[in-house]
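Trainee: My questions will all concern the structure given below.
The values are calculated or read from the model by the stated rules, or taken from the named source; none is laboratory data. As the structure is a prediction and not an experimental result, all values here were calculated from the model. Cβ coordinates were reconstructed from backbone atoms using ideal geometry, including for glycine residues, and neighbour counts include every protein chain displayed.
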Amino acid sequence: MSGPKHECGVFGIWAPGADVARLTFFALYALQHRGQESAGIATTDGERVFTHRGLGLVTQAFTEDDLRPLVGGAAIGHNRYSTRGATTLRNAQPFVLQTLHGPLGLAHNGNITNARTLRRLLLEKGVGLSTASDSELALQALAVPVAGAPEPTPAHPIWVPRLQRLLRVAEGAYSLTVLTRDGIFAVRDPHGFRPLCIGELPLDDGRTGYIVASESCTLPPIGARYVRDVEPGEIVRVGPRGVESWRDPAALPTPAMCVFEYVYFARPDSDLEGRSVHLLRQRFGERLAQESPVEADIVVGVPDSALPAGIGFARGAGLEYIEGLIKNRYIGRTFIQPDAKLRKDKVRLKYTPLRANLEGKRVVLVDDSIVRGSTAGPLVQLLRDGGAAEVHVRISSPPVRHPCFMGVDLGTHDEIIAHQKSVEEIRAHIGADSLAYLSRAGMLEVVRAESAERGYCSACFDGDYPISLEDGTTKLQFEDIHGA
């Protein structure tokens, strides 16, 4: 209901002869849900790099005139999430540098948790920094040579030892697309907190182009097909040699993908780990109906992210699923506004109750999460205003009780309602007739049903963080400290 802020969406494409800037634009449009503060594209012809970054949504950040100069056969793109601090172009991505070995660009999704330490190490080496972003730290770290590295070859380019070093020294969450004259590199941290996938794109000359993207929902709109995910701790290059892969033996993969990607963040038409997000959300709903049944007449899902869970709950409970809230899709997600009163007022701008479907009915309202609790109450009241006789709230994830340090702004403990109140107290706070959450065990059983060997991060629910928080630094805290 009052949802968390995600960090970013990243994209990369190697497709000589294609309009890579335009393809990247449409891919970023498909990833708009992952960040709405700014968008940017960097392209290269192998020698020069061309960039444009703008504030706002993708359609606000780019015009035809902005895309036209972005030439070349390879590109990376980035959507940035909306922060509590000032919105400035300085922190917009991709970040780019010219190096002795050609252009170097980087787009980052996640949060490097030892950013303070990395910043100090780079400054001690004489590296200058121009932003308050942990992503620039990763870029500058790649620009620093690795002592004793072997001579580069086409099969083992100069960037591989540097990316391997980054995997060893950077802690936290980072899914990266890296632009070089040798192709696009894709890197996923050893825990694989954030998703990253590979796709293929048929080119007009019969060759195959390659895509790397935060989510597979970017692929169909541009005519590409899903190949596989980048594995935790893996370095991939897509380019003239096809898809190549390296690993650093010292950076052992310990998978801990963010389970909230399945609950809320990813677009429902994406596949994560080869599985449909939409179908898993339906199964969350079905399991929730088994765990927390209720006497009711109809089930209503909160558009858009909770619709699959609502469908699943109705199926599991044997109830009618019906549309009860109409969403104005020209109003952005409620978490974009940092002020609680604005979030509350925005609910009535964003949703309208369908009285014809609600009048006199006992309603189960299904949503994916309650974080701050500032929109749950207004939604319950909307249904009552629409004629609902009873409103029973069911949440298709466990109570969020802890902040996230791996690339999501879930607020502080003081802002998270389930850290402050019991389930019954939350029920009274939002004015529902009943309230129940999916159990943590139930959620993980659904997620692990087809991938029991995989590990997942559920720290926002249970406080069990899979990494040591050396700096204890979130992205927002790092920007606040060093200037946004």
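Trainee: In this structure, does residue 364 turn out to be surrounded by 22 or more Cβ atoms within 10 Å (Cβ to Cβ) and modelled with pLDDT of 95 or more?
Mentor: yes
Trainee: Something else about it: Counting only residues that are part of a strand (DSSP E or B) and more than 30 Å from residue 266 (Cβ to Cβ), how many does the range 97-119 have?
Mentor: 5
Trainee: Residue 277 is checked against (1) closer than 22 Å to residue 180 by Cα; (2) within 20 Å of the chain's Cα centre (by Cα) and fails just one. What number does that condition carry?
Mentor: (1)
Trainee: With the requirement that a residue be touching a Gly at 6+ places or on another chain (Cβ under 6 Å) and small (Gly, Ala, Ser), what does the range 365-386 give you?
Mentor: 377, the sole residue that qualifies.
Trainee: Tell me whether the range 413-422 contains one or more residues that are in a helix (DSSP H, G or I), basic (Lys, Arg) and not assigned by TED's automatic domain parsing to the domain that holds residue 191.
Mentor: Within the range 413-422 (the criterion being in a helix (DSSP H, G or I), basic (Lys, Arg) and not assigned by TED's automatic domain parsing to the domain that holds residue 191), the answer is no, since none of the residues qualifies.
Trainee: Is it the case that residue 399 is under 23 Å from residue 314 (Cβ atoms), assigned by TED's automatic domain parsing to the domain that holds residue 307 and either in a loop (DSSP other than H, G, I, E, B) or of a type in the set (Val, Ile, Thr) (or both)?
Mentor: So residue 399 passes the test.
Trainee: For the structure I just gave you, tell me whether residue 212 is within 24 Å of residue 115 (Cβ to Cβ), β-branched (Val, Ile, Thr), buried (at least 24 other Cβ atoms within 10 Å of the Cβ) and touching a Cys at 6+ places or on another chain (Cβ under 8 Å).
Mentor: Taking the combined requirement at face value, the residue satisfies it.
Trainee: Looking at the range 367-386, which of the residues that are among the charged types (D, E, K, R) and within 23 Å of the chain's Cα centre (by Cα) is surrounded by the fewest Cβ atoms within 10 Å (Cβ to Cβ)?
Mentor: So the residue we want is 372.
Trainee: Give the residues of the range 185-222 that are among the hydrophobic types (A, V, I, L, M, F, W, C), outside any helix (DSSP H, G or I) and touching a Phe, Trp or Tyr at 6+ places or on another chain (Cβ under 9 Å), sorted by residue number.
Mentor: 185, 187, 193, 197, 198, 201, 211, 212, 213, 219, listed by residue number.
Trainee: Just checking: which of the strands (runs of 3 or more DSSP E) contained wholly in the range 223-328 hold 1 or more residues that are farther than 28 Å from residue 30 by Cβ and modelled with pLDDT under 95?
Mentor: Qualifying strands (runs of 3 or more DSSP E): 242-247.
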